[in-house]
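Data first, discussion second: the structure below is written as structure tokens.
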Amino acid sequence: MKTLKWMSRFAVTTLLTLGCDSEEPDVVEDDAPSLTRCHPFAARDTSPARSQRAAGAPTEVNAWTTPAPPAYEGPLAVNSGLENAERFGETLLRGAEDIVFDAQGTLYTGTQDGTVWRAPIDAEGRPATFTALATLPDARPLGLAFDSCGNLLVAAGRRGLIGISADGVVRTLADRVDGTLIEYADELAVAADGTVYLTDASTRYSSAWPYDFLEGKPNGRVVAYEPTTGEVRVLVDDIYFANGVAVTADESAVLIAETFRGRVLRHWLSGARAGTTEPFVENLPVTPDNITLDAQGHLWTTGYLRTDELDALSGSAEQRLGLLQNFTYEQLVAGFPIAPHVLVTVHDAQGNLVRSFHDATGGLFPLSTAVPQGAWLYVGTLSGQGIARVPVP
Ligand SMILES: [Ca+2]
């Protein structure tokens, strides 16, 4: 029975207990004057908001057609670019989903336990020592980005959009839009005018992403936050899991990783097509997670490798209903088919694949983010230990 095949491959995930070798600063939830120096952040809307979260497993599902995955040839040919990666923070960091650098080159990441970490580049050029900048109560820091004033903005799951000043003061900036709660703030990007584009991956299942995949409905959206007024509005709706987001260098468009359609969308902010959304890169070899645009306008993407099993499930509502009816949520999470082969793709500004980095040996953790920084490519993970980097030739 195919519904059992999914489950038979996977061992139950063992959660590790994190150690912490540094003191955590006090978290203060207030008006954060060090934040308001940069932006006159308006008071946050605290009016009653409606949750759209479903109580349990979906009972109706949609099937969709997934094209055959791209051939591993040309720029996608398997190579050893991600093998023998240099690891950092392995005993300290679990689930370092995103990585970002400040203007001084200091590395920041956030982990499963809610902690945001910083690691300066040491004399040997390595981010070897991590210290806790803040710990977010009851929230997971998924996406990270700096605003132009040096505040670290965090897409923090069901806590929405959070700002952290350089001295560790934490403030919730936005947690609702149009009367509904932001259910799963996943990634964010900051435009030159300060507008923050934030993905809300699944308004229906929040962090229960296997349910979102199995239901096959467009429960995601992108919201725009205006820091000078506090206004939050829906920019793009009906996305099949809205994950990574980036603003193009000319600020004419926002790119959005649509995880469960294996593609990256382009939503136009200006020009003749302003307000419209179209596919930018389709049929990726991964279910795209975070995305990064580099200084050359190249798009760096990674995520779980698409497998034959996942693609087959896409087209079969019956199989997915079978999984939902026969397994607990915990079993579905533990059994999600994650391939040992990990890869990062790079597309040019026209959406053409130009290069890729692979580790097909199973030596690296599953990837959630790929961030080029100088001569290095840094990678993070939704569920693994530590972060890693490889040289970029
Ligand atoms: Ca993500």
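For residue 166, state whether it is assigned to a strand (DSSP E or B) and in contact (Cβ under 8 Å) with a residue 40 or more places away in the chain.
Taking the combined requirement at face value, the residue does not satisfy it.
What strands (runs of 3 or more DSSP E) completely inside the range 219-331 contain at least 3 residues that are away from the ligand (no atom under 16 Å from the Cβ)?
Of the strands (runs of 3 or more DSSP E) lying wholly inside the range 219-331, those with at least 3 residues that are away from the ligand (no atom under 16 Å from the Cβ) span 220-226, 231-239, 263-268, 277-281.
Could you look through the range 378-388, keep only residues that are crowded, with 22+ Cβ neighbours inside 10 Å and assigned to a strand (DSSP E or B), and pick out the one that is farthest from the ligand (Cβ to nearest atom)?
Filtering the range 378-388 for residues that are crowded, with 22+ Cβ neighbours inside 10 Å and assigned to a strand (DSSP E or B), the one farthest from the ligand (Cβ to nearest atom) comes out as 388.
Looking at the structure I just gave you, is residue 202 in contact with a helix residue (DSSP H, G or I) (Cβ under 6 Å, 6 or more places away or on another chain) and among the small types (Gly, Ala, Ser)?
yes
State yes or no: is residue 130 more than 25 Å from residue 46 (Cβ to Cβ) and in contact with a Gly (Cβ under 7 Å, 6 or more places away or on another chain)?
Judged against the criteria, residue 130 is a match.
How about the range 70-157: which strands (runs of 3 or more DSSP E) wholly inside it have at least 1 residues that are surrounded by 20 or more Cβ atoms within 10 Å (Cβ to Cβ) and away from the ligand (no atom under 16 Å from the Cβ)?
Those strands (runs of 3 or more DSSP E) span 86-88, 107-110, 115-119, 131-135, 152-155.
Please work out which one of (1) out of contact with any strand residue (DSSP E or B) (no Cβ under 6 Å at 6 or more places or on another chain); (2) among the small types (Gly, Ala, Ser); (3) crowded, with 21+ Cβ neighbours inside 10 Å; (4) modelled with pLDDT of 95 or more is the condition residue 335 fails and give its number.
That leaves (4) as the condition not met.
Pick from 89, 157, 179, 95: which is on the phi > 0 side of the Ramachandran plot and over 20 Å from the mean Cα position of the chain (by Cα)?
179
Does residue 32 satisfy being under 23 Å from the mean Cα position of the chain (by Cα), crowded, with 17+ Cβ neighbours inside 10 Å, closer than 30 Å to residue 180 by Cβ and at pLDDT below 95?
It is false that residue 32 is under 23 Å from the mean Cα position of the chain (by Cα), crowded, with 17+ Cβ neighbours inside 10 Å, closer than 30 Å to residue 180 by Cβ and at pLDDT below 95.
Would you confirm whether any residue within the range 210-222 is basic (Lys, Arg) and either out of contact with any Ser or Thr (no Cβ under 9 Å at 6 or more places or on another chain) or under 12 Å from residue 187 (Cα atoms) (or both)?
Yes, the range 210-222 has at least one match.
The values are calculated or read from the model by the stated rules, or taken from the named source; none is laboratory data. Worth saying up front: this structure is predicted, and the values here are computed from it rather than measured. Note: ideal-geometry Cβ built from the backbone for every residue, glycine included; neighbour counts use all protein chains shown.
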